[in-house]
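Enquirer: Structure incoming, see below.
Read the figures in this text as sums done on the coordinates, not as results from a lab. Not measured: the values here are computed from a predicted model. Backbone-built Cβ (ideal geometry, glycine too); neighbour counts: all protein chains shown.
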Amino acid sequence: MRFMPWLLSGLLLAPLCHADPVPEGKMKVAFLYNFGLLTEWPASTGSTLRLCVLSQDPFAESMNDIDGQEVNGRKLQIVRLSSTTEVKACQILYLGEAETPRVKSILNTLNDAPVLTVSDDANLAKSGIMISMFMTNRRLVFNVNTNPVKRSGLTLSSRLLRLAKNVD
Amino acid sequence: MYLLIKRNFRLQTALIRFMALITVSLLLSTGQAQAEAGKASNPSNLITLPLEQLLDMDVAPASKIARQITDAPSAVSIVTSDDIRAYGYRTLADIFNSLPGLYTPYDGSVLTMGGRGFGRPGDYTGRVLLMIDGYATNDGLYDEAYIGNDGLLDVELIERVEYVPGSGSVIYGNNAFFGIINIITKNGSDFNGTQVAGEVASHGGKKGRVTYGRQLDNGANVLLSLSILNNDGRNYYYPAFNNNASGQNPNFATNHGVASNLDFDRAPRVFGKVEFEGWTAEGGYVSRKHDNPTGNYGSLFNALTWDWDTNGYLSLKNDSVLSPKLKASSQLYYGYYLDRTAITYPAIGFAHEHNRAQWAGGDVKFVGDWFDHQKLVFGAEYRNDFEISFHNNFGASQFSRTVASLYGQDEISLTDQLKFNAGGRYDQSSSTGGHLSPRVALIYNPFLQTTIMASYGSIYRQPSAYEQFYHDATAISNPNLGPEYVTTTELVVQQQFSRNMRLSGSLYHYQARDLITNVTLPSGMTGNINAGKSHTNGLELSLERIWDNGVRLHASYAHQIAISPQGVDMVNSPDDLGKFNLSFPMLQNSVRTGFELQATSSSVTELRNTAAGHTIANLTFSSDKSYNGFRAAFSVRNLFDRQYVTVAPAYMVQDTLPMEGRNVWLEVDYTFK
């Protein structure tokens, strides 16, 4: 038991977070903003770029920070949706992890409308989500699935496609 | 006696103080985290940066509770590579020991596993299916899963471990009596360089490892790892051998009950994996030789003896998307197992056994998404155990057997909240005939964050080749030996309070029949028959909580009442098991502390004595990040030097075996980029 005091003082020194790296949530919000910059919507789209977030919103604070920013002449507006029926009115739809079970019905509702769908789950790319962000080796990266993009009438810039880790 | 009580009392007081301090530091740290959140850096700086630059910046992953990937309606427990490092786990057994309701007895040479009423010592780890990246590792002779130094994997190569208890494992097949354990290994890109690691531990333990991992320019992900472990071991004292009953010179024959220099351990390992465009080729090898100090099977005590287990496998997998609605995953594999046991018998002297198994097989699994409200999983498997051979001084014999299987599972969404899951598997075995294992489950989500699952299933276990075919001078084989069955009824409630907190509870009832039992026949020979029923009722509770400042907590409690075929408490089945795991960063995130408590209540021995309960604490410090490529981890196991015993198998003179006191371990690794 000789080392107990030493051990206890170690425990009391406990956890303080002064991480240099960017928190994942803030980085994801910055990515979403960039996806907005590097995507072209049909000319009929109005002057507001609605970024919709469904129910559980893990990055609430960071999202508020980009609310009202200008994106290629449009004003970015964060919209928190309470139901999936309104998803067609969005220009960007961000699906958090909690939405995974509902992805299919959400995509059915969208029915190839010009909405950029972005998810948190690399496994969802094949189910028809356009961009999926995921962590690898302490970096945030993203995959692009071009089939649903083409069907929706959106155009992704070649720069965005070049920076993607994988393009399907 | 008084001293003992006093010592116990002091230990308890120390423990209570310790727990109080943990609680205080936990509270402090959460408070600080909330204060920290306010002064977060301004994200508008981030959005002024081009995407190219963002892609190059270090990101601190948001902590979240890992999600299961196994297709099963069960309360799945997950251990990640972060946990393995934080708690200083060195074997698969260390990992499993932290899971709700599981425990890993040590018989002096081999670590086995118990849970949910199964865990009689000497059973080996035959009633759980252990898979590495989808390959079933249980060997073709004993159906044993190797979880100690004889395990196929260095734990540093593990990305995550999923434990699926109960009949949720039905589509995965044979051996999944109390569940399956699915290990997912890391990729080459997770190492991204060459890592060299060295370990030293108590009792002359040493281990070296070299791992190369990289994603090549053509996209291929390559991993190759070699390691070797050496352990001088201890001199065990067994009071049961400290006598002169045999009439021999006690100093020579039993050495006063001390097994001298009979705990030596050596295990080289190889693991390799190449992933390329949906294809994965993978192979593992381990050959572990360990002296056996226990004087088991009537062997001469303190005389030369060893267990030598060699396991290897090769597998080739392909994952492909056949159509937008149909995914397929197929696998071909080859497995090899060699058992070279040596024992010194009083009558015949030094004797060797040489038992070997080889098997090969393939499986194909489909996941179909044709219907909006259904998810179909179906597949087929074939396995040929083409060599099952026994060679010992009583003679040699050779056998083979094949199993062909079909399985399917459909999950139907009846409403947004209610799903019905039905599945089954049919196995046709050349040695035991055809068997159907069905399962039905209802999954109810009254709220987004609440899941209630009720399931009923029946699982069977084919006798191992050893149980069915082995014979020698005192044991006869029973070619008509049939499988054993267990039906499981389980209710699971899971509540995800937030992305950072999950509570899970499970109530189960297991009813086993036709249990394979070793009996003495009128001729005086022993043999295996199907006899006896047992049942287990149990409760498991598990809480996971993660804080954004990096504190991680996992606590579980399991209560089980297991009744043996004789109608009494099952041997080596403790009624209560508690696990407490807490880890947190300190010294400005440079070091992580992992503290672990494992409490086990008393259990009944083979001679119907009581092996006392015990609480073991482990403490680990590990560096979270590398410093110029270096990382280190230091671990104290059995921190309070608790003296405790585990139940000995029936084939030993001892009724209980002493376990390790306080011991330490240090690992340093260096990565070349």
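Enquirer: Indicate the gyration tensor shape class of the stretch B:531-634 (rounded, prolate or oblate), computed on the Cα atoms with a ≥ b ≥ c the square roots of the eigenvalues: a/c under 1.5 is rounded; otherwise a/b larger than b/c is prolate and the rest oblate. Each step should come with its number before you reach the end.
Expert: Values: a/c = 3.77, a/b = 2.61, b/c = 1.44.
Judged from the Cα gyration tensor, the stretch B:531-634 comes out prolate (a/c at least 1.5, a/b above b/c).
Enquirer: First obtain the Kirkwood hydrodynamic radius of the protein assembly as shown from its Cα pairs, then insert it into the Stokes-Einstein equation at 4 °C and 1.567 mPa s, and state the resulting D in µm² per second as a whole number.
Expert: It diffuses with D of about 45 µm²/s by this estimate.
Enquirer: Based on other C-beta atoms within 10 Å, arrange A:Ser83, B:Ser431 from fewest to most.
Expert: So the ranking, lowest neighbour count to highest, is A:Ser83, B:Ser431.
Enquirer: Still on this structure, please answer the following. Going by how many other Cβ atoms sit within 10 Å of their own, how do B:Ile180, B:Ile171 line up, fewest first? Don't skip to the answer; put the middle values down first.
Expert: Numbers: B:Ile180 27, B:Ile171 22.
Going from least to most buried by this count: B:Ile171, B:Ile180.
Enquirer: Here's a follow-up. In terms of the ratio Rg/(2.2 N^0.38 Å) built on C-alpha atoms, what value belongs to the stretch B:470-511?
Expert: The stretch B:470-511 yields a ratio of 2.34.
Enquirer: What is chain B's relative contact order, in percent, from Cα pairs under 8 angstrom and six or more apart in sequence?
Expert: 12 percent
Enquirer: I'd like to know which of B:Tyr313, B:Leu229, B:Gly379 lies farthest towards the positive end of the charge dipole of the protein assembly as shown, counting +1 on Cβ of Lys and Arg and -1 on Cβ of Asp and Glu.
Expert: B:Leu229
Enquirer: Which value, in debye to the nearest 20, gives the size of the charge dipole of the protein assembly as shown about its Cα centre, when Lys and Arg are +1 and Asp and Glu are -1 at the Cβ?
Expert: Working: 70 positive and 78 negative charges, 252 e Å.
Dipole magnitude for the protein assembly as shown comes out near 1200 debye.
Enquirer: When B:His614, B:His290, B:His373 are ordered from fewest to most other Cβ atoms inside 10 Å of their Cβ, what list results?
Expert: B:His373, B:His614, B:His290
Enquirer: Compute, for chain B, the length of the dipole vector about the Cα centre, with Cβ point charges of +1 (Lys, Arg) and -1 (Asp, Glu) only. Units Debye, rounded to 20.
Expert: 1200 debye
Enquirer: Amide H of A:Gln69 versus every other amide H placed in the peptide plane: which residues, excluding those fewer than 5 positions away on the same chain, fall under 5 Å?
Expert: A:Leu76
Enquirer: For chain B, what is the largest minus smallest coordinate of the Cα atoms on each principal axis, given in angstrom and ordered from greatest to least?
Expert: 87, 61, 49
Enquirer: What is the average number of partner chain Cβ atoms found within 10 Å of a Cβ in A:25-36? If you can, show how the numbers build up before the last one.
Expert: On the way: counts 6, 10, 10, 2, 3, 10, 5, 1, 7, 8, 1, 1.
Mean inter-chain Cβ contacts per residue within 10 Å come to 5.
Enquirer: Checking the table B:Lys186/B:Lys325; B:Lys273/B:Lys375; B:Lys273/B:Lys673; B:Lys186/B:Lys673; B:Lys375/B:Lys533; B:Lys365/B:Lys533 against a 26 Å threshold on Cα-Cα, which pairs fail?
Expert: Details: B:Lys186/B:Lys325 28 Å; B:Lys273/B:Lys375 30 Å; B:Lys273/B:Lys673 19 Å; B:Lys186/B:Lys673 17 Å; B:Lys375/B:Lys533 36 Å; B:Lys365/B:Lys533 34 Å.
The pairs that break the limit, which is 26 Å between Cα atoms, are B:Lys186/B:Lys325; B:Lys273/B:Lys375; B:Lys375/B:Lys533; B:Lys365/B:Lys533.
Enquirer: Is there a simple number for the mean count of other chain Cβ atoms within 10 Å of the Cβ of residues in B:85-97, and what is it?
Expert: Mean inter-chain Cβ contacts per residue within 10 Å come to 0.
Enquirer: Among the lysines, select those whose C-alpha is under 19 Å from the C-alpha of B:Lys206, and discard any that sit fewer than 8 residues away in the same chain.
Expert: The qualifying lysines are B:Lys289.
Enquirer: Still on this model: What's the long-distance tail for the stretch B:268-325, i.e. % of Cα pairs beyond 16 Å?
Expert: Percentage above 16 Å: 65.
Enquirer: To the nearest whole number, what is the average tally of beta carbon atoms from other chains within 10 Å of the beta carbons of peptide A:133-144?
Expert: Working: counts 0, 0, 4, 6, 7, 6, 6, 6, 2, 2, 0, 0.
Shielding by partners across A:133-144 averages 3.
Enquirer: Using the beta-carbon distance between B:Thr402 and B:Lys533 and R0 = 25 Å, what value does 1/(1 + (r/R0)^6) give for FRET efficiency, to the nearest 0.05?
Expert: Efficiency, from the Cβ-Cβ distance: 0.25.
Enquirer: First select every other residue whose beta carbon is under 15 angstrom from the beta carbon of B:Ala633; then total the charges, Lys and Arg +1, Asp and Glu -1.
Expert: Counting the neighbours of B:Ala633, the net charge comes to -2.
Enquirer: Find which of B:Phe301, B:Asn97, B:Tyr557 sits farthest along the positive direction of the dipole of the protein assembly as shown, computed with +1 on the beta-carbon of Lys and Arg, -1 on that of Asp and Glu, about the Cα centre.
Expert: B:Tyr557
Enquirer: Give me the Å³ per residue figure for the convex hull around the C-alpha atoms of the stretch A:24-168.
Expert: 101 Å³
Enquirer: Among B:Gln215, B:Leu541, B:Thr488, which residue has its Cα positioned farthest towards the positive end of the charge dipole of the stretch B:68-672, with +1 placed on the Cβ of Lys and Arg, -1 on the Cβ of Asp and Glu, and the dipole taken about the Cα centre?
Expert: Toward the positive end, the furthest listed residue is B:Leu541.
Enquirer: Could you list log10 I(q)/I(0) for the stretch B:74-157 at q = 0.14 Å⁻¹, which the Debye formula gives when each Cα is one point scatterer?
Expert: Debye output, listed in q order: -0.46.
Enquirer: Separate question: For B:Glu159, which sequence-distant residues (separation of 5 or more, or a different chain) have an amide H within less than 5 Å of its own amide H, given hydrogens modelled in the peptide plane?
Expert: B:Ile184, B:Thr185, B:Lys186
Enquirer: Here's something else I'd like to know. Over all pairs of distinct alpha carbons, what does the Kirkwood formula give as the hydrodynamic radius of the stretch B:69-216, in Å?
Expert: Evaluated on the stretch B:69-216, it is 16.1 Å.
Enquirer: Here's something else I'd like to know. Please report the net charge: other residues with Cβ closer than 10 Å to the Cβ of B:Val647, K and R +1, D and E -1.
Expert: Value of the local net charge: -2.
Enquirer: Suppose R0 equals 22 Å. What FRET efficiency, 1/(1 + (r/R0)^6) with r the Cβ-Cβ distance, do B:Leu503 and B:Ala599 give to the nearest 0.05? Please list the in-between numbers first.
Expert: Values: r = 20 Å, r/R0 = 0.89.
Once rounded, the FRET efficiency stands at 0.65.
Enquirer: What 222 nm value per residue comes from the helices of chain B, counting each DSSP H run with n ≥ 4 as -39,500 (n - 2.57) and dividing by all residues, nearest 500 deg cm²/dmol?
Expert: -3000 deg cm²/dmol
Enquirer: With the crude spin-label approximation of a point 7 Å out along Cα→Cβ, what separation in nm comes out for B:Asn218 versus B:Ser590?
Expert: Placing both labels 7 Å along Cα→Cβ, they lie 4.4 nm apart.
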